[in-house]
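Report on one structure; see the data block that follows.
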Amino acid sequence: MRRVTLTQYLVGRQQNNLINADLRLLLETIARACKAISTRVNKGALADGLGAAGTDNIQGEAQKKLDVLSNEILMEANVWGGNLAAFASEEVERPVPITEPYKRGEYLLLIDPLDGSSNIDVNISVGTIFSVLRCPKTAEGKYCEPEEAAFLQPGSRQVAAGFAVYGPTTVFVITVGDGVHGFTLDRETYTFVQTHPDIKIPADTAEFAINTSNMRRWEPPVKRYIDECLAGTDGPRGKDFNMRWVASMVADVFRTLTRGGIFMYPRDSKQKEGRLRLMYEANPMALIVEQAGGAATDGARRILDIQPKGLHQRVAVILGSKNEVDRVTSYHK
Ligand code: AFP
């Protein structure tokens, strides 16, 4: 039986009026850019793509060459479509509005061009994360100037979100609000082919993902939850837990989507706001996880309800199998 391609999936959503032609073009263009990034990532040291770029991003973090290149690939791919008002990127301090000679459109694109880039030089999976919002309109019905304020919308306003994982295979995961679907890159035809239709996260799990080197800094509810997992069959959970930590959110989230699990990057005494960025990491992943039947909070609040204050603000993230996320949230109450 012939598998559905990403284009067929998106055309189907357009025919069902779930998305319009502009959003479909945007999503197809993002996927095409992810193919180009995948090719560069897979070349690795053969193409002088590894190592530091010699510059820092807005977060003051040293950029990798592939961080900068991935950002350029995504921006160049999306500047001409006439469907974007502006984009925002982890790698760029301020939003980049679409300007003449290009036409503006109704969407705002937020990207983490290369998530997990500290793993690049050691050949561990990395990825691209994206989030799509609508540009707000004024009372007169005109699009607002796509400055930072236009982006500061809660994650529940996203019209689409997804990510690519550049791993043993390149997988593109997307939601437009009617479930979560995964597409694997067929390198012979260079086509994304649906391999994970309608992904659902198991409500229970016996696997947690957290960077335990931060344990001494955690707040009590997180410490209690992890201690109980570590106590295994002899402890209050009555079962043994396994641990995974890739340190590439895209890889940890894809594993959580496909076999269940709880992914945690809590706030702690050193990273008081948490480490992950709300607008282009937590929000898109929270929409994906909820659309797959999971849950995503900052320990207390639903991620998608958080009213952003800044484009690059950080947030605590606890997401995955619903029953486990609910348990951690109950410990915070
Ligand atoms: P980098 O992009 O700087 O490698 O950070 C990756 C990340 O934002 C996210 O993908 C990981 O889950 C998390 O940071 C890993 O953080 P630690 O290195 O502190 O474990």
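Just so you know, all these numbers are worked out from the coordinates, no wet-lab data involved. This one's a predicted model, so the numbers in the text were calculated from it and none came from an experiment. Because the Cβ atoms are built from the backbone with ideal geometry, glycine has one as well, and the counts that use them run over all protein chains shown.
Here are the numbers for the structure shown:
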item	result
Least to most buried among Trp218, Trp245 (fewest other Cβ within 10 Å first)	Trp245, Trp218
Charged-residue dipole, Cβ positions (Lys, Arg, Asp, Glu), the chain about Cα centre, Debye nearest 20	500 debye
Degrees, to the nearest 10: 322-332 long Cα axis against longest axis of the chain	70 degrees
Integer Hz, Karplus 6.51/-1.76/1.60 couplings in order for segment 110-124, x for Gly and Pro	10, 9, 9, x, 9, 7, x, 4, 5, 8, 4, 6, 10, 6, 10
Residues with amide H under 5 Å from that of Ser248, placed H, sequence gap 5 or more	none
Pairs of lysines in segment 6-196 (C-alpha under 27 Å apart; 8 or more residues apart or interchain)	8
Under 18 Å from the Cα of Lys200 - lysines, other chains or at least 8 residues apart	Lys322
Eligible lysines near Lys270 by straight Cα distance, threshold 23 Å, same-chain separation 8 or greater	Lys223, Lys309, Lys333
Shape category assigned to segment 6-196 from the gyration tensor of Cα positions, a/c cut at 1.5	oblate
The chain: angle of helix 220-231 to the longest principal axis, Cα-based, in degrees nearest 10	70 degrees
Mean separation of Cα contacts under 8 Å, 6 or more apart, over the residue count of segment 207-332: relative contact order %	27 percent
Folded to 0 to 90 degrees: helix 21-43 orientation relative to the chain principal axis, Cα	70 degrees
Phe241, Phe130 arranged by Cβ crowding within 10 Å, fewest neighbours leading	Phe241, Phe130
Calculated from backbone phi, Karplus (6.51, -1.76, 1.60) coupling profile of segment 94-100 in Hz, x at Gly/Pro	10, x, 10, x, 6, 10, 3
Likely footprinting exposure, Ser118, Ser70, Ser38, Ser269, fewest C-beta neighbours within 10 Å first	Ser269, Ser118, Ser38, Ser70
GluC sites (Glu not before Pro), loop per DSSP, at most 15 other Cβ atoms within 10 Å - longest free stretch of the chain	189-272
³J(HN,Hα), Karplus 6.51/-1.76/1.60, whole Hz, each residue of segment 290-305, x for Gly, Pro	5, 5, 9, x, x, 9, 8, 9, 9, x, 10, 9, 5, 3, 5, 8
Electrostatic dipole magnitude of segment 170-242 [Cβ: Lys, Arg +1; Asp, Glu -1; Cα centre; debye, to 20]	340 debye
